[in-house]
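Q: Okay, here's the structure, questions in a sec.
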Amino acid sequence: MPTTASPDPWKPQLYDKYSAHHTPTQAQSIIDCLHQHLTPRSRLLDLGCGTGVTTVRFQDCCAHVVGVDKSPAMVAASRQRGCYDVRVADGHDLQEAGIRPEEFDAVYSHDAIHWMKKDPVKVVREIHRCLKPGGYLTAKFFAHHGMSAIYSTLIAVVGQYGQDGAALAPWYLPTADEYKAILEQNGFRVHAINVTPEIVPLNITVRMALDMFADSFVGSWADEATKNEVFDKVVQAVEPVICRGGVYYADYVNLSVVAERL
């Protein structure tokens, strides 16, 4: 989720449409890994819970599940879905949501850590702080080269306006070696870490995706007319590359990790 608090760019209904095809299948592999470490007495934190699609599933097999998300709109959608304990919080500071030290047996995170760009090391330390010794982090998020077609085009287009697109980008996209080192240097034993490329249908248009995910590239410097001009240029450049048979395909590169808190 984005690190800026206002305005909230997230639109839960659009996000659910975007994620309906790929979230259940993409998340299942790490959910299966996580279930090996859960018992009916487990307490679980869903970091970046979004609209609560997977959060609500964990409520059936854990003693208590807490979901946190930076977006108030997403948290509200999670509550409507039936998640009973969801809170607005930034992954860089889980204490603001009342998350206590060594409170959880497991932390799960899907499609969220790449939004926590400001200080990835601090995020790892927060995860460590709230896990019990022997607890597990199981996560999947974008890695280096993720969404490269749209990402590189955004950088190129905002560069035409004298802006540093790499600095404006909201995403943290590490390599496996980079993230493994951060975990090991901050109190984790990494049991598995893998990077997997996937071609995934977006289920929404490129323009819809830009409106939902790419506001940080233009929000701090462009007026509405300039924003529309930038996004129109990106759409014109990207659509011929990623559209086939009327379907838009995204070039995902996902990092999956299972790590134990020492």
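Read-outs throughout are calculated quantities, based only on the coordinates presented, and are distinct from any laboratory measurement. Remember, it's a predicted structure, so these values are computed and weren't measured experimentally. Backbone-built Cβ (ideal geometry, glycine too); neighbour counts: all protein chains shown.
Q: Which aspartates and glutamates have a Cα lying under 17 Å from the Cα of Lys132, excluding residues fewer than 8 positions away in the same chain?
A: Partners within reach: Asp46, Glu102, Glu103, Asp105, Glu184, Glu260.
Q: Would you mind calculating the relative contact order of region 131-260 from Cα pairs under 8 angstrom and at least 6 residues apart, reporting the percent as a whole number?
A: Over region 131-260, the number comes to 49 percent.
Q: In what sequence, highest mean first, do 130-142, 76-88, 29-41 appear when ranked by Cβ atoms within 10 angstrom?
A: Working: 130-142: 21.5, 76-88: 17.8, 29-41: 14.7.
Taking the mean over residues of other Cβ atoms within 10 Å, the ranking is 130-142, 76-88, 29-41.
Q: Tally Lys/Arg at +1 and Asp/Glu at -1 over every other residue whose Cβ is under 10 Å from the Cβ of Val123; what's the total? Write out the running numbers ahead of the final one.
A: On the way: positive: Lys117, Lys118, Lys122, Arg125; negative: Asp90, Asp93, Asp119, Glu126.
Spelling it out: positives minus negatives among the neighbours equals 0.
Q: Something else about it: Considering only Tyr172, Pro40, Val257, whose Cα is most displaced toward the positive end of the charge dipole of the chain, charges sitting on Cβ of Lys, Arg (+1) and Asp, Glu (-1)?
A: Pro40
Q: Would you calculate a helix-derived [θ] at 222 nm for the chain, using -39,500 (n - 2.57) for each DSSP H run of n ≥ 4 and dividing by the full residue count, to the nearest 500? Write out the running numbers ahead of the final one.
A: Working: 10 runs with 98 residues, N = 262.
Counting only the DSSP helices, I get -11000 deg cm²/dmol.
Q: Sort Trp115, Trp171 by Cβ crowding within 10 Å, fewest neighbours at the top.
A: Values: Trp115 24, Trp171 18.
Sorted ascending by nearby Cβ count, the order is Trp171, Trp115.
Q: First select every other residue whose beta carbon is under 15 angstrom from the beta carbon of Val257; then total the charges, Lys and Arg +1, Asp and Glu -1.
A: Values: positive: Lys140, Lys180, Arg189, Arg261; negative: Asp32, Asp111, Asp177, Glu178, Glu184, Glu260.
Net of charged neighbours comes to -2.
Q: Under a cut-off of 21 Å between alpha-carbon atoms, report the lysines in cross-link reach of Lys227, not counting same-chain residues fewer than 8 places apart.
A: Partners within reach: Lys11.
Q: With +1 on the Cβ of every Lys and Arg and -1 on the Cβ of every Asp and Glu, and nothing else charged, how large is the dipole of region 177-262 about its Cα centre, in debye rounded to the nearest 20?
A: On the way: 7 positive and 13 negative charges, 56 e Å.
My answer is approximately 260 debye.
Q: Assign unit charges at the C-beta atoms only (+1 for Lys and Arg, -1 for Asp and Glu), then state the dipole size of region 188-236 relative to its Cα centre in Debye, rounded to the nearest 20.
A: Details: 4 positive and 7 negative charges, 63 e Å.
Dipole about the Cα centre, nearest 20: 300 debye.
Q: Another question about this same structure. Taking the Cα centre of the chain as the origin, how large is its charge dipole in debye, to the nearest 20, when only Lys and Arg (+1) and Asp and Glu (-1) carry charge on their Cβ atoms?
A: Details: 24 positive and 30 negative charges, 110 e Å.
For this selection, approximately 520 debye.
Q: Continuing with the same structure: Relative contact order for the chain: what is it in percent, counting Cα pairs under 8 Å that are at least 6 residues apart?
A: Numbers: 507 pairs, mean separation 57.6, N = 262.
Computed over the chain, the figure is 22 percent.
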